[in-house]
Amino acid sequence: MTAPAEPLLALRDVRVRIPVAGGAIVPVDGVSLDVHRGEIVALVGESGSGKSLTALAILGLLDATARLEPGSRVLFEGADLAALREPALRQVRGRRIGMVFQEPMTALNPVLTVGAQVAEAVTAHARVPKAEAWARAVAMLAQVGIADAPARARQYPHELSGGMRQRVLLAIALVNAPALLVADEPTTALDVTIQAQLLDLLRAAQRERGASVLLVTHDLGVVAETAQRVVVLYAGQVVEEAPVAALFAAPLHPYTAGLLAAMPRAGGGRRELATIPGTVPTPGAWPAGCRFAPRCPHAWARCTAEAPPLHDAGDGRRARCHLVKEPARRAQVHAPAAGAEA
Amino acid sequence: MTAPAEAVRLASGAQRAVLAPTTGSGGLLARVVRAPGGAVGTALLAFVALALLAGPLAWAPDPDRQFELATELLRAPSAAHPFGTDGVARDVLARVLAGGRLSLALAAAIVVLATLLGTAWGLVAGLAGARTDAAMMRLVDAGLAVPRVLVLLVVLAVPGGESLARLVVAVAATGWFGVARLVRDDVRRLRASDWVLAARALGTPRREIARRHLAPHVAGTVLVTMPLGVGHVVALEAALSWLGIGVQPPRASWGTLIREGTDVLVQAPWLALAPGACLVVVVLACTLVADALRDALDAREGARP
């Protein structure tokens, strides 16, 4: 599926450690993933799976206490961002990698006009006259679909709707034409209709500018609409990785299957939505063996005893489940589970 | 990274940002004046300032001039002496005007100095690492815990006579702790805000983040504390003068005037009443302005739908 070309972004064994009273937790525990040029990759997981921390770690934006462990590599355009110091990282942030944040209400400074905040992204990386930075900001705002951009640019964030603010955030991320866009739950705070418009904009950015997108989300609907490849995170680890169509057709990991079953579907009738029993274990309280085993309907003795590796399942698919290598048991599991669960 | 000079630069840049006009609803000052409380407060302050500055032109007597002791001693208010005369036959109105000029000048100097000190301290602590921050803020806690008037008694009661400079420095040096704590908390909170994270994510240099994203908010906080500080310091100066360690007679300040007046409160109540009333008016006006200022800043920052 994926070409052997060098990926634009490659996370290798990324570990984030946060010291806590009496030790340390590792909420991101050895995440590896690739984003190729022009590709939209979705990073999916429940709250607490470590997906947002992974996104922040790419740009070295972890807060003061959290640390990337030695050995973590963030390979981007020939450099290891994890090894770069602050001034060099600043050259990458906003210029080569744009970041879109989750909360359009709080990610904009309330006392600066939105135009000034887009222009700030321009002047942070280029010595251009103020007027030119402003002109580029206004043009960018128009490109992300803000009507009457010259007037809107002079307004403050509180004078704009949530959807417009999210467009402003997107404009800030795109104004320097970055090679990669990291979008952390960009649609979570928005109405469904606005969500769809924003996803269109993301896809347009990919199509027209050739930008790659790492889309962090918990919303599988968003994934199905937007991404080409999906990486599923659970308890700080990648549990499954697959092209989007294959993943939706036949998930390999029981966790992914559970997530899909929990999705409301049009025409599904008035059935109760399936849920995955229990919650994501908190970092520091991860079970031995497979981290999903306590919640897994198919777990057996081996699962609690031995942590499964991320098996390669062919066709660009990987899954962290013993079932991948036990075809007999897998057939047995899938036969009755398919209808009975629903 | 933030020396006091840097802080001053930050603060002044910030004020410009805060005072910049907003779209639609007018500038900050316009908002303050439009609010009912703000209008009253501003009008009162303007009236007091006008009276203090232009008063001597309309009301000529030298505040130190003694009128005829035999006839003009402790006279009740009259046409000749609208606020009456004091125990050595001086015109009380002239003395209240002169005292007000001194009291308010002292208060302004003290508040500016204390605000600069506190802002610088708070900025450094807020931007510093956890340990430096803790050490600096424990010192502020200590400063707040020690009774201020007691410290001032010790510092100002040294022999060598009256020194207005020493008074300003001493009162300012014991009055910046509250501002420092406010600024530090603001900086800490803002540092963790999403928009600062967003600014970092787009590669904005740290100094630029401090200037564009921290300073305007901090300036808002600081701006609100200043009028409140003026009211407080005028009252404190009066208290110190009353204790005999502030402004020394025969020089007039509202504090010394009240002190002189209390000695003869029963025979000549106007002596303490005139400067006392002025003090109340100024403190009240400052409070009203600070209140309106806070609301105006709030409306700008908040306005959360």
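A short reminder: the numbers here are calculations on the coordinates, not readings from a lab. What you see is a predicted model, and the numbers here were worked out from it, not measured in a lab. Glycine also receives a Cβ, built like all others from the backbone with ideal geometry; neighbour counts cover every protein chain displayed.
Couple of notes before you dig in:
- GNM remark for chain B: springs join alpha carbons under 10 Å apart, and the peak mean-square fluctuation among B:T225, B:T204, B:T71 falls on B:T71.
- Ranking of B:T221, A:T226 by neighbouring Cβ atoms within 10 Å, starting from the fewest: B:T221, A:T226.
- Size-normalised alpha-carbon gyration radius of the range A:8-66, reference 2.2 N^0.38 Å: 1.20
- Gyration tensor analysis over the Cα atoms of the range A:1-125 returns equivalent ellipsoid semi-axes of 25, 21, 15 Å (largest first, whole Å).
- Here A:M105, A:M164 are placed in order of increasing Cβ neighbour count within 10 Å, fewest first, which gives A:M105, A:M164.
- For chain A, modelled as a GNM whose springs connect Cα atoms under 10 angstrom apart, the maximal fluctuation among A:R165, A:R203, A:R265 occurs at A:R265.
- Note on chain B: with a GNM built from Cα contacts shorter than 10 Å, the maximum mean-square fluctuation among B:A277, B:A114, B:A192 falls on B:A192.
- As a proxy for reagent exposure, A:D184, B:D185 were ordered by neighbouring Cβ count within 10 angstrom, fewest first; the result is B:D185, A:D184.
- Selection among A:P297, B:W254, B:L93 by position relative to the dipole of the protein assembly as shown gives A:P297 as farthest towards the positive end (Cβ unit charges, Cα centre).
- Each residue of the range A:17-23 was assigned a 3J(HN,Hα) from its phi angle through the Karplus curve 6.51 cos²θ - 1.76 cosθ + 1.60 (θ = phi - 60°); the sequence is 10, 10, x, 10, 4, x, x Hz, with glycine and proline shown as x.
- If you wrap the tightest convex hull around every Cα atom of the range B:170-305 and split its volume per residue, you get 124 Å³.
- A simple charge model with +1 on the Cβ of Lys and Arg, -1 on the Cβ of Asp and Glu and nothing else charged puts the dipole of chain A at about 260 debye relative to its Cα centre.
- Kirkwood-type radius of the range A:203-270, with distances r between different C-alpha atoms, in Å: 13.2 Å
- Mean projected area of the Cα convex hull of the range B:234-304, taken over all directions, amounts to 5.9 nm².
- Amide H contacts of A:R320: A:E240, A:H311, each under 5 Å away and 5 or more positions distant or on a separate chain (H built 1.01 Å from N in the peptide plane; Pro and chain starts excluded).
- Chain A pair-distance distribution - Cα-Cα, 10 Å bins, rounded %: 5, 24, 32, 24, 11, 4, 0
- Close amide H partners of A:V28, meaning residues 5 or more places away or on another chain with modelled amide H under 5 Å apart, are A:V16.
- The range A:285-301-the range B:208-282 distance, computed between alpha-carbon centres (Å): 70 Å
- Sites A:A10 and A:A204 - FRET efficiency at Förster radius 25 Å, r taken between beta-carbons, to 0.05: 0.50
- Backbone geometry of the range A:135-145 corresponds, through the Karplus equation with coefficients 6.51, -1.76 and 1.60 at θ = phi - 60°, to 3J(HN,Hα) couplings of 4, 5, 4, 5, 4, 5, 4, 5, 5, 8, x Hz, x marking Gly and Pro.
- Long-range amide H partners of A:A42 with built H, under 5 Å: A:L215, A:Q228, A:R229, A:V230, A:V231
- For the protein assembly as shown, the alpha carbon convex hull comes to 204 Å³ per residue, rounded to a whole number.
- Reference-scaled alpha-carbon Rg (2.2 N^0.38 Å with N residues) for the range A:112-268: 1.20
- Dipole magnitude of chain B, debye to nearest 20 (Cβ charges: Lys/Arg +1, Asp/Glu -1, about Cα centre): 1340 debye
- Phi angles of the range B:233-247 translate, via the Karplus equation with coefficients 6.51, -1.76, 1.60 and θ = phi - 60°, into HN-Hα couplings of 6, 4, 5, 5, 4, 4, 5, 5, 5, 4, 6, x, 10, x, 6 Hz per residue; Gly and Pro are given as x.
- Long-range tail of P(r) for the range B:49-175 (Cα pairs > 23 Å, %): 55 percent
- Binned Cα-Cα distances of chain B, short to long, each 20 Å bin given as a whole percent: 29, 50, 19, 2, 0
- Calculated FRET efficiency for the pair A:S47/B:A239, C-beta based, R₀ 51 Å, to 0.05: 0.35
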